[in-house]
1. For the range 39-56, which positions are buried (at least 17 other Cβ atoms within 10 Å of the Cβ) and among the charged types (D, E, K, R)?
2. Quick check on my filter: what residues within the range 24-75 are touching a helix residue (DSSP H, G or I) at 6+ places or on another chain (Cβ under 6 Å), more than 18 Å from residue 12 (Cβ to Cβ) and free of Cβ contacts under 8 Å to residues at least 12 places away in the same chain?
Amino acid sequence: VYGRTRRALARYGGVAGDAPGAELAARVAQRSGRNAGEMESLLRACEDVIAGAPVKDREALALVARLRELERELGIRMRAREVRQFSGR
């Protein structure tokens, strides 16, 4: 979920997919009016979990819910093509 959302955020913010989280959050916040600090915190929390930080099931679900909410609010949900590709895995 995080990787796809991060790529969509990078497109939305007009930055490279491997841009640092702070830059990505700043550009998305600039365009959307959202709080850059909160967005950077969410990105960092997700990256920490990916890197192996311990996380409880509820915390993981909360992170996914926040990512999905962000996608919905910014209008960057999965495209139909991506849904088909994801379903076929």
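A short reminder: the numbers here are calculations on the coordinates, not readings from a lab. Everything numeric here is computed off the predicted structure, so don't read it as measured data. When we count neighbours, we look across all protein chains shown, and the Cβ atoms used for this are built from the backbone with ideal geometry, even at glycine.
1. 40
2. Hit for the range 24-75 is 55, nothing else.
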